[in-house]
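J.: Just dropping this structure here.
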Amino acid sequence: MNKNLNELLAQRNLPPLKSREEMLDILCREEYGFLPPEPTELKFTVEEKCIPNFCAGNAVANRVTAHCVINGKEFSFPFIAVIPTKEGKHPFFIHINFRPDVPDRYMPTEELVDNGFAVLSLYYNDITSDGGDFTNGLAGVLFENGKRGAEDAGKIAMWAWAAQRVMDYAQTLPCLDLDCAVVCGHSRLGKTALFTAATDTRFKFAYSNDSGCSGDALARGTTGETVEQIVDRFPFWFCENYKKYVKNESAMPYDQHYLLASIAPRFVCVGSASKDWWADPVSQFMTCVAASPAFENGFVCDDRLPQVDDKYFDGNIGYQMREGLHYFSRKDWNRLIEFVNKHR
């Protein structure tokens, strides 16, 4: 870290990093809520080759349903597992997806397979709706009459819980390289991917694309979306306690560098876009700088704030900025592949 970045970081007046356990406890209590309990029963049923001749026969696409018992109640959700037919153990992505479709224009599954990766994709609304209704899906199983306590899970924590169940399934497949498991997502699901990896050390890599406020961007000193704005529009993503910090970021006993630092000593990569002012690329970059001391091989950057097409991939924290707006592009996917392959 250089003097200029030190000065910029000092202006944010961030709380110092703590142990992983302490940081996770704070994040759960004050922002995301605690994860739902692991299921007391879990089994999977598989519909093989649900998409015939997928990827010209270079991969098999199976529809998998996870059957869970939680709080004595049954809950099920589907996901798609695309496994290359080539022999050997495959690194893999668990993609928390905005759409149920595979293939999908925002997830280039065939290209990922061509690069040697398996892809397990879950559609977030199959877990629970993206709204304030806490009576449907997993939320309906967890909460009596949809009423939550102050530290109970928001929707982000529920989607993260489901991604961890997909990881449970991945562990049953001998063809997957469990030492190269990547969880990834965009925007609110980028926040989810970071929280998934922070709370589950089975993931070696986490990638967050344009997740911004309450994800990979610092709240203190942001020029983009604020806690007030995100809580006003999306209070259901978070636990009830998070409302305490509306117009009160300075009182937060943490900031988003705790989220990235909780993934240490593993790998995390942040994707930003030059014109995504709402996500605030500078605050995303500064989160990487602030979290760096938690990692043995921290954030390796130069003497300036990021510019278009910059990428910093040498440390356990990676950052890249591309030209454009708030979307998950092919360039983002290609750079994620590059980051993973560099550190496999």
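The values are calculated or read from the model by the stated rules, or taken from the named source; none is laboratory data. Treat the numbers as computed from the prediction; the structure is a model and nothing was measured. We place every Cβ from the backbone using ideal geometry, glycine too, and count neighbours over all the protein chains shown.
J.: Determine which member of the set A261, A294, A273, A197 is among the hydrophobic types (A, V, I, L, M, F, W, C) and farther than 30 Å from Q171 by Cα.
T.: A273
J.: So, one more: Check C180 against each of (1) of a type outside the set (D, E, K, R); (2) under 23 Å from Q256 (Cβ atoms); (3) in contact with a helix residue (DSSP H, G or I) (Cβ under 9 Å, 6 or more places away or on another chain) and name the one condition it does not meet.
T.: (2)
J.: Only one of (1) closer than 23 Å to N13 by Cα; (2) in contact with a strand residue (DSSP E or B) (Cβ under 9 Å, 6 or more places away or on another chain); (3) of a type in the set (D, E, K, R) fails for R304. Which number is that?
T.: (2)
J.: What are the pairs with Cβ atoms under 8 angstrom where one residue, in segment 17-34, is without any contact (Cβ under 8 Å) to a residue 24 or more places away in the chain and the other, located anywhere, is surrounded by 21 or more Cβ atoms within 10 Å (Cβ to Cβ) and part of a helix (DSSP H, G or I)? Sequence gap at least six, or different chains.
T.: Between residues of segment 17-34 that are without any contact (Cβ under 8 Å) to a residue 24 or more places away in the chain and residues that are surrounded by 21 or more Cβ atoms within 10 Å (Cβ to Cβ) and part of a helix (DSSP H, G or I), there is no close pair.
J.: Just to check your reading of the model, which residue among D152, D114, D168, D179 is touching a Gly at 6+ places or on another chain (Cβ under 8 Å) and either closer than 22 Å to P37 by Cβ or surrounded by fewer than 19 Cβ atoms within 10 Å (Cβ to Cβ) (or both)?
T.: D152
J.: Could you check segment 267-301 and list, in sequence order, the residues that are farther than 22 Å from E323 by Cα, touching a residue at least 40 places away in the same chain (Cβ under 8 Å) and out of contact with any strand residue (DSSP E or B) (no Cβ under 7 Å at 6 or more places or on another chain)?
T.: The answer is A290, P293, A294.
J.: Based on this model, can you work out whether V182 counts as modelled with pLDDT of 95 or more and either within 27 Å of V60 (Cβ to Cβ) or in a loop (DSSP other than H, G, I, E, B) (or both)?
T.: Yes; evaluated as a whole, the condition is true for this residue.
J.: Being in a helix (DSSP H, G or I) and either surrounded by fewer than 18 Cβ atoms within 10 Å (Cβ to Cβ) or free of Cβ contacts under 8 Å to residues at least 12 places away in the same chain (or both) is the filter here; which residues of segment 250-260 pass it?
T.: Once the filter is applied, which keeps residues that are in a helix (DSSP H, G or I) and either surrounded by fewer than 18 Cβ atoms within 10 Å (Cβ to Cβ) or free of Cβ contacts under 8 Å to residues at least 12 places away in the same chain (or both), segment 250-260 yields S250, A251.
J.: Next question. Considering each of I230, I263 in turn, give the residue that is over 24 Å from F205 (Cβ atoms), modelled with pLDDT of 95 or more and either of a type in the set (S, T, Y) or not in a strand (DSSP E or B) (or both).
T.: I230
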